[in-house]
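Taken together, the values in this text are just the output of simple stated rules run on the coordinates, not laboratory data. The structure presented is a predicted model; accordingly, all values stated were derived computationally and were not measured. Because the Cβ atoms are built from the backbone with ideal geometry, glycine has one as well, and the counts that use them run over all protein chains shown.
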Amino acid sequence: MRVSTADFYRQSITSLQRQQSLALQTQNQLSSGLKLQSAADNPTGAAHGLSLDQTRVANQRYTENTKTLTERLGLEENALSGISESLNRVRERALQGNSGTLSDSDRASIAADLRQSMETLLDYANAADGEGRYLFAGSNDANAPFALTSGGTQFSGDDVIREVQIGPNRSVASSDGGAEVFLRQRSGNGSFSVAGTASNTGTATIATARVADSAAWDGGSYALSFTGGNYSVQDGGGNVVASGAYTAGQTIRFRGADLTVTGVPADGDSFSITPSQQQDVFATVRDLITLFETPTSANPAARAQVQTGVLDKLAALETAQSRIIDVRARLGARLVAAEDAQNQLSSQLVKIDEALSGIRDIDYAEAASRLTQQLTGLQAAQQSFAKIQGLSLFSYLR
């Protein structure tokens with residue numbers, strides 16, 4: 001095969017340019033630290049890298065969501081802890097004030113203390129997340145959700161709970177609804193409430209009221225009355241469902257309910273037993289304040305009425321505390337889910353970065369060795385070309 005001088009020069013120059021291009025590419029890799037200078041260097045690797053980039057961006061977004069969620073749930077946990085402590089304070093003061101030995105002045109002091117506790121409860125109910133958003137307001141969280149007025153408790157929030165996405169197929173509620181936590185409580189013991197009739201003149205009071213047999217309790221309304229040393233329990237239709245001789249301190253049972261009555265009832269005294277109604281926790285504390293502000297020192301019958309009322313409110317407080325415990329338990333589960341998601345996202349991010357590094361980052365030792373070889377090859381090619389290009393037939397003729 002005949003190789004012309006022009007072909008020789010063209011092939012040699014092409015070879016030199018290819019060697020120079022390879023050396024330049026390696027030099028650029030070393031200076032930038034990146035294996036891929038363009039998608040053409042490795043189309044498959046470049047496409048995989050772009051996919052990993054998208055996954056990494058999503059991971060970072062979920063990580064930020066998880067951090068925000070954890071902070072918000074932590075603030076709610078602090079608020080619920082404070083609410084629980086405040087309710088414990090109210091309960092302790094109510095138990096202290098329900099003693100028959102306290103003066104009206106002492107009871108008024110307890111009422112003033114309960115007012116402070118109610119204000120503290122209101123502060124916790126209107127707790128914010130540090131960014132001007134209220135924790136228990138639902139989606140309408142730009143304004144404080146609760147206000148206490150002469151007409152009762154006003155709630156301006158809603159029941160919409162925002163879900164925060166912490167993974168491709170996983171989201172967690174960012175708060176609990178204020179109505180669920182504070183408003184939808186139950187009066188009495190959660191099943192029924194007890195109250196003395198306003199016209200009672202005796203000293204009888206309800207000491208305990210509970211459902212002993214939930215299967216037998218029918219949720220109806222009943223009346224407990226006393227006449228001639230005997231008691232009688234009638235249902236809403238006037239039918240007697242329990243009766244007997246009354247003894248102070250005895251437990252009267254009917255339809256699965258147990259009532260312990262102390263004191264001495266007057267003939268005609270009665271107590272109502274009615275199904276529990278929805279009542280917010282602030283109303284329960286208000287009722288306690290009203291009871292403790294009622295003068296009883298000179299009126300034993302009024303004292304008995306107040307003691308029965310306080311007992312009923314104490315049962316409602318216990319129900320409210322149980323609700324707070326349930327809410328905190330659910331919140332704790334969400335905190336665990338957020339922490340678990342954060343750990344998974346952190347581990348995933350490490351794997352993504354390792355994969356991207358394997359695709360894009362250069363091995364400096366390998367690249368430096370490769371550049372040395374390429375430069376050596378380029379130098380040898382240049383020297384051989386310089387020698388060969390000087391050869392011609394005329395050199396031999398001389």
Using per-residue counts of other Cβ atoms within 10 Å, averaged over each peptide, order 246-254, 274-282 from highest down. 274-282, 246-254
Provide the per-residue ³J(HN,Hα) series for the range 232-245, in order, calculated from phi with Karplus coefficients 6.51, -1.76, 1.60 and θ = phi - 60°, each as a whole number of Hz, with x at glycine and proline positions. 8, 10, 10, 7, x, x, x, 7, 6, 10, 7, 7, x, 6
Just check the range 54-100 against the gyration tensor rule for me: Cα atoms, a ≥ b ≥ c as the square roots of the eigenvalues, rounded for a/c under 1.5, and otherwise prolate or oblate depending on whether a/b exceeds b/c. prolate
Q154/S103 FRET efficiency (R0 45 Å; Cβ-Cβ; nearest 0.05): 0.80
Where labels lie 7 Å past Cα in the beta-carbon direction, separation of T14 and S243 in nm: 12.1 nm
Translational diffusion coefficient (Stokes-Einstein; Kirkwood radius from C-alpha pairs) of the range 204-271 at 10 °C, 1.306 mPa s, in µm²/s: 132 µm²/s
Whole angstrom only: what separates the Cα centroid of the range 259-283 from the Cα centroid of the range 305-350? 30 Å
Would you please give the FRET efficiency between A212 and A112, computed as 1/(1 + (r/R0)^6) with r the Cβ-Cβ distance and R0 = 41 Å, to the nearest 0.05? 0.65
Rounded to whole Å and ordered largest first, report the semi-axes of the equivalent ellipsoid of the range 189-241 derived from its Cα gyration tensor (root of 5λ). 21, 15, 10
Measure out, as a whole number of angstrom, how far apart the alpha-carbon centroids of the range 201-256 and the range 94-163 sit. 34 Å
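Could you tell me the calculated FRET efficiency between E318 and V57, based on Cβ-Cβ distance and R0 = 45 angstrom, to the nearest 0.05?
Taking R0 as 45 Å, the efficiency between E318 and V57 is 0.35.
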Rank by packing, highest mean first: peptides 101-111, 189-199, with packing defined as the count of other Cβ atoms within 10 Å averaged across residues. 189-199, 101-111
